[in-house]
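The values are calculated or read from the model by the stated rules, or taken from the named source; none is laboratory data. For clarity, every value in this text was computed on a predicted model and none was experimentally measured. Reconstructed Cβ throughout: ideal geometry from the backbone, glycine too, with neighbour counts over all protein chains shown. Heads up: the accessible areas ignore ligands, DNA and RNA and are worked out on the full protein's heavy atoms, side chains in. Shrake-Rupley method; radii C 1.70, N 1.55, O 1.52, S 1.80 Å.
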There are 2 protein chains.
Amino acid sequence: MRMKCRVEYDGTKFAGYQIQPNGRTVQEELENALTKMHKGTTIKVTASGRTDAGVHAKGQIIHFDTFLELPEFNWKRALSTLLPADIQIAEVNEAEADFHARYDTSGKEYRYFIWNAVDPNLFRRNYTCHIRRKLDVAAMQQACSYIKGEHDFTSFCSTRTDIKGSKVRTITKAELIQDEEELCFVFEGTGFLYNMVRILVGTLIEIGMGERKPEVIPSMIEAENREAAGKTAPAQGLFLWKVHYA
Amino acid sequence: MRMKCRVEYDGTKFAGYQIQPNGRTVQEELENALTKMHKGTTIKVTASGRTDAGVHAKGQIIHFDTFLELPEFNWKRALSTLLPADIQIAEVNEAEADFHARYDTSGKEYRYFIWNAVDPNLFRRNYTCHIRRKLDVAAMQQACSYIKGEHDFTSFCSTRTDIKGSKVRTITKAELIQDEEELCFVFEGTGFLYNMVRILVGTLIEIGMGERKPEVIPSMIEAENREAAGKTAPAQGLFLWKVHYA
């Protein structure tokens, strides 16, 4: 039986989602908990995609196969006792036998939170990027409008990517929501390149600081060159918010 | 010169405010940072009062004496490089030479946050108390109205207190604010006994769950007996929010 789960995690103390030789990962914690539940039978999980060290998730989706038959509530309870405090199974559902958490995604939503005030916010320090200088919200909103649509996002993709094919992606939503000192960028799209949201946000911050004009976005996109865009914003403000399946 | 500071801290990884032989404390971190700033001259700090392990502060007030003459901004910058990420100096001001952070307090405000939903909130886990069962907000608000005023709060004081004198205190504000799934109790008063807010909240939670009626509060107060009141709510929902000076 194939199970689909929505997983939340606080990325602060993880070396990222994907298992690696050194460092604590979300995938390893999930597989360890599931393997314990299955009395030692190794259970492998597949996620919609990886997230980097320090990046959080509200809506990461994983799937795995099981021979256990349990109601949703029991899955959640059993896993919550086996998982560490910084990972949580928010939803468990039986999926179609051929459901695939990565191949079946039709889109994703990321959110990026900025604490924009002179003094840092101690209680949001792991979940926001602190920018002391007052950002120009209107300029950043204007810049967002140029990001929306189908573009080749080579300029907004880390050169450490392993993607060989097309870097054309469709961004269906690029918005900035302000809630007093906290700013939230919302990006929704059919797909995202490596570090794409963090490079977009880093560039938008430079625009918000007045270091670049909002109108530079189209020419940055046209450049198809990572050096044309801004810096990569830090990981701790980024959340994988939702994964869409058609 | 006497300095007055407003200090914020995330109590999660502290064994409390006050220095103790075992465990990391806020006071020790503050004194270590100040002693470094004073090139090894020991600087002692005095706080408005102690907070327990796991309790947070937005508005803890401390004072200390210094021979350094620095503008406020430099104090904050120097201390922020010397202090760990979970303590922050929010304000620094020169005080009157006889200002005393503990003796001069005229009142305090505490806030207690509850996450009231079936699923826990991963990103608020260290700053809220999670209650799965839907709480009766109106009943808890009614109960709050009986807490306001001048009463002997012996029933709401831990038996581990070292107070020998009167346990009469005046509560000037006892309110419950609801923001969707997050509830916030606000208590303001001339003084608080040991564990008083946590025992009040523990009792209010029992009322919110329907285990006790709001009307029991007056008789609980009259009992002048810790056993008459409810359980002590966990530390992580509690914030020392403000300290008042006349």
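To keep it simple, each residue is scored yes or no on (1) in contact with a Pro (Cβ under 9 Å, 6 or more places away or on another chain); (2) within 14 Å of chain B (Cβ to nearest Cβ).
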| site | (1), (2) |
| --- | --- |
| A:E94 | no, no |
| A:D104 | no, no |
| A:W115 | no, yes |
| A:N121 | no, yes |
| A:N126 | no, yes |
| A:A139 | yes, no |
Can you go through A:I89, A:I62 and tell me which one is surrounded by 17 or more Cβ atoms within 10 Å (Cβ to Cβ), more than 14 Å from chain B (Cβ to nearest Cβ), assigned to a strand (DSSP E or B) and touching a helix residue (DSSP H, G or I) at 6+ places or on another chain (Cβ under 7 Å)?
A:I62
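Residues are listed down the side, and each one gets a yes or a no for (1) of a type in the set (K, R); (2) in contact (Cβ under 8 Å) with a residue 60 or more places away in the chain:
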| position | (1), (2) |
| --- | --- |
| B:P120 | no, no |
| B:N126 | no, yes |
| B:I131 | no, yes |
| B:A143 | no, yes |
| B:Y146 | no, yes |
| B:E150 | no, no |
| B:C157 | no, yes |
| B:R160 | yes, no |
For region A:185-224, enumerate the residues that are open to solvent by 50 Å² or more (accessible area, probe 1.4 Å), within 30 Å of A:Y103 (Cβ to Cβ) and in contact (Cβ under 8 Å) with a residue 40 or more places away in the chain.
A:T190, A:E224
Out of curiosity, is B:K76 more than 30 Å from A:Y127 (Cβ to Cβ), among the basic types (K, R) and not assigned by TED's automatic domain parsing to the domain that holds B:E188?
no
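Residues in region A:57-67: is at least one acidic (D, E), within 30 Å of A:V186 (Cα to Cα) and in contact (Cβ under 8 Å) with a residue 24 or more places away in the chain? Explain how you work it out, then say what you get.
Initial filter on region A:57-67 (acidic (D, E)): A:65.
Subsequent filtering for residues that are within 30 Å of A:V186 (Cα to Cα) retains none.
Within region A:57-67, not a single residue is acidic (D, E), within 30 Å of A:V186 (Cα to Cα) and in contact (Cβ under 8 Å) with a residue 24 or more places away in the chain.
Considering only residues that are open to solvent by less than 100 Å² (accessible area, probe 1.4 Å), part of a loop (DSSP other than H, G, I, E, B) and either more than 17 Å from B:T35 (Cβ to Cβ) or touching a Phe, Trp or Tyr at 6+ places or on another chain (Cβ under 9 Å) (or both), which ones fall in region B:67-81? Please lay out each step first, then the result.
Our first condition is that a residue be open to solvent by less than 100 Å² (accessible area, probe 1.4 Å); within region B:67-81, this holds for B:68, B:70-72, B:74-76, B:78-80.
Add one more test, that the residue is part of a loop (DSSP other than H, G, I, E, B), and what stays is B:68, B:70-71.
Once the filter is applied, which keeps residues that are open to solvent by less than 100 Å² (accessible area, probe 1.4 Å), part of a loop (DSSP other than H, G, I, E, B) and either more than 17 Å from B:T35 (Cβ to Cβ) or touching a Phe, Trp or Tyr at 6+ places or on another chain (Cβ under 9 Å) (or both), region B:67-81 yields B:L68, B:P71.
Going through B:Q141, B:Q178 one at a time, which residue ends up being assigned by TED's automatic domain parsing to the domain that holds B:L240 and surrounded by fewer than 16 Cβ atoms within 10 Å (Cβ to Cβ)?
Numbers: B:Q141 fails: surrounded by fewer than 16 Cβ atoms within 10 Å (Cβ to Cβ).
The unique qualifying residue is B:Q178.
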Residue pairs, Cβ under 6 Å, 6 or more apart or interchain, first in region B:3-29 and outside any loop (DSSP other than H, G, I, E, B), second surrounded by fewer than 18 Cβ atoms within 10 Å (Cβ to Cβ) and among the hydroxyl-bearing types (S, T, Y). List them.
B:M3/B:T66
Of the residues in region A:71-86, those that are in contact with a helix residue (DSSP H, G or I) (Cβ under 7 Å, 6 or more places away or on another chain) and more than 14 Å from chain B (Cβ to nearest Cβ) come to A:A78, A:L82
Tell me whether region B:13-36 contains one or more residues that are over 30 Å from B:T232 (Cβ atoms), within 14 Å of another protein chain (Cβ to nearest Cβ) and either surrounded by fewer than 18 Cβ atoms within 10 Å (Cβ to Cβ) or aromatic (F, W, Y) (or both).
no
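Just to be sure I understand, how many residues within region A:229-246 are part of a helix (DSSP H, G or I) and either open to solvent by 60 Å² or more (accessible area, probe 1.4 Å) or of a type in the set (S, T, N, Q) (or both)? Lay out the reasoning, then the answer.
At the first step, the residues of region A:229-246 found to be part of a helix (DSSP H, G or I) are A:235-237.
After this cut, where a residue has to be either open to solvent by 60 Å² or more (accessible area, probe 1.4 Å) or of a type in the set (S, T, N, Q) (or both) as well, the list is A:236.
Total meeting the criteria: 1.
Only one residue in B:V7, B:V45 is crowded, with 17+ Cβ neighbours inside 10 Å, modelled with pLDDT of 95 or more and away from chain A (no Cβ under 14 Å). Which one? It would help to see each step written out before you state the result.
Details: B:V7 fails: away from chain A (no Cβ under 14 Å).
Of the residues listed, the single one that is crowded, with 17+ Cβ neighbours inside 10 Å, modelled with pLDDT of 95 or more and away from chain A (no Cβ under 14 Å) is B:V45.
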Out of curiosity, is B:Y110 touching a residue at least 40 places away in the same chain (Cβ under 8 Å), over 23 Å from A:Q88 (Cβ atoms) and not charged (D, E, K, R)?
yes
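Output the number of residues of region B:48-58 satisfying the condition of being under 17 Å from A:R124 (Cα atoms) and more than 12 Å from every other protein chain (Cβ to nearest Cβ).
2
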What single numbered condition from (1) farther than 27 Å from A:G210 by Cβ; (2) touching a residue at least 60 places away in the same chain (Cβ under 8 Å); (3) in the same structural domain as A:L193 (by TED's automatic domain parsing); (4) not in a strand (DSSP E or B) fails to hold for A:A101?
(3)
Scan region B:120-127 and tell me whether some residue there is open to solvent by less than 20 Å² (accessible area, probe 1.4 Å), aliphatic (A, V, I, L, M) and either assigned by TED's automatic domain parsing to the domain that holds B:I43 or in contact with a Ser or Thr (Cβ under 7 Å, 6 or more places away or on another chain) (or both).
no
